[in-house]
Amino acid sequence: MKFREGQSAELTGKVKEWWNQNPFTYLMDNKKITPDWAFFRNIDRKIIKWMPWAQKGYPLLSNLIDYRSLKGKKVLDIAVGTGWSTEQFVRTGAEVTAIDLTPAAVELTKKRLELYGLGAQVLVADAQNLPFPDASFDFVLAFGCLMHMPDTERAIREIHRVLCPGGRASAMMYYKHSLHFWYYIFFGKGIVRGKLLHMSVQELTNRYTDGAYEEGNQLTKFYSKKEIRELFAPFASVHVRVFDVATAINHFPHRFLPLGMLIPPPIKRWLTTLVGQSLWIDVVK
Ligand SMILES: C[S@@+](CC[C@H](N)C(=O)[O-])C[C@H]1O[C@@H](n2cnc3c(N)ncnc32)[C@H](O)[C@@H]1O
């Protein structure tokens with residue numbers, strides 16, 4: 001979905017306001033945040049539990065990111081939420097800059113680092129207009145955020161601009177040809193529950209993804225692999241993989257009739273690589 005310049009700025013303002021009110025806490029009660037040791041470690045615990053494809057334990061995302069190669073390197077962590085990814089980069093010995101569109105996320109990330117005596121530059125900034133010179137970073141992470149930005153294409157061009165030649169970036173975005181998008185959202189909510197009669201597909205994905213318990217967020221986009229390759233076309237190499245846990249398959253056709261549980265585990269694991277919800281994208285400039 002493309003937005004005109006003015007529309008994009010207005011929507012970015014709404015996105016900012018929404019995430020500032022509803023920081024992403026992996027379904028912890030974000031109206032009663034006490035940013036202490038237990039709060040941050042509970043988020044880590046959920047990440048380990050919900051995304052076993054990304055790591056077995058600490059460091060988080062260790063199945064996907066080669067932390068050893070980042071020691072002493074300049075890392076930009078985009079849209080940090082509560083700062084869990086930032087913590088991993090700092091602990092690995094990288095020189096880290098972390099940004100988020102919202103003051104709430106920046107405060108939470110600073111608090112997390114302060115609790116553990118860790119240091120990084122953490123600031124409010126818009127990924128669609130990065131406040132850094134060209135070629136300033138060796139590695140950029142954009143986890144679960146590019147699909148919430150009106151001008152995703154521009155944010156990706158910005159990542160390309162701030163990376164050094166040969167620099168790498170990784171991103172997690174949502175996969176359009178997933179069971180989640182086509183079956184649970186489009187078919188289940190849109191057709192069976194009739195929501196498409198008064199909502200667009202874009203409104204459905206905003207409503208039934210992140211922030212579903214808060215009546216949905218302002219913007220969530222899903223992408224096909226082809227669209228991802230087009231978006232990341234400025235990069236020399238683009239590698240895309242699909243990941244997920246088996247929950248959506250187990251709960252097929254409905255969580256009260258979970259016939260998917262009868263599918264043998266190796267077939268389910270293979271199916272998650274075809275119709276899972278998360279796209280992991282690795283690119284080299
Ligand atoms: C789903 S949360 C993910 C947060 C974090 N990466 C995580 O996984 O916990 C999306 C985050 O993107 C941030 N965000 C949205 N648009 C942004 C933008 N244009 N620039 C920077 N951050 C943005 C939001 O403020 C929010 O913290």
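The values are calculated or read from the model by the stated rules, or taken from the named source; none is laboratory data. Every value quoted in this text rests on a predicted model; they were computed, and no experiment measured them. All Cβ positions, even for glycine, are placed from backbone atoms using ideal geometry, and neighbour counts span all protein chains on display. Heavy atoms of the whole protein, side chains included, go into the accessibility calculation; ligands, DNA and RNA do not. Shrake-Rupley method; radii C 1.70, N 1.55, O 1.52, S 1.80 Å.
For this structure, a couple of remarks:
- Residue in the range 4-24 that is within 10 Å of the ligand (Cβ to nearest atom) and farther than 17 Å from Gln218 by Cβ present: no
Residue-by-condition table, conditions (1) polar (S, T, N, Q); (2) away from the ligand (no atom under 16 Å from the Cβ); (3) touching a residue at least 40 places away in the same chain (Cβ under 8 Å); (4) surrounded by fewer than 12 Cβ atoms within 10 Å (Cβ to Cβ):
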position: Ser200; (1), (2), (3), (4): yes, yes, no, no
position: Ile228; (1), (2), (3), (4): no, yes, yes, no
position: Phe243; (1), (2), (3), (4): no, no, yes, no
position: Asn250; (1), (2), (3), (4): yes, yes, no, no
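- Matching residues in the range 161-187 - criterion: being part of a helix (DSSP H, G or I) and open to solvent by 20 Å² or more (accessible area, probe 1.4 Å): Arg161, Leu179, His180, Trp182, Tyr183, Tyr184, Phe186, Phe187
- Pair list, Cβ under 9 Å, 6 or more apart: the range 44-56 residue touching a residue at least 12 places away in the same chain (Cβ under 8 Å), other residue within 11 Å of the ligand (Cβ to nearest atom) and part of a helix (DSSP H, G or I): Asp44/Trp84; Ile47/Trp84; Ala54/Ile47
- Candidates Leu76, Leu61, Leu123, filtered to the one that is outside any helix (DSSP H, G or I), open to solvent by 20 Å² or more (accessible area, probe 1.4 Å), touching a strand residue (DSSP E or B) at 6+ places or on another chain (Cβ under 9 Å) and more than 9 Å from the ligand (Cβ to nearest atom): Leu123
- Residues that are at positive phi and not charged (D, E, K, R), drawn from the range 214-228: Gly216
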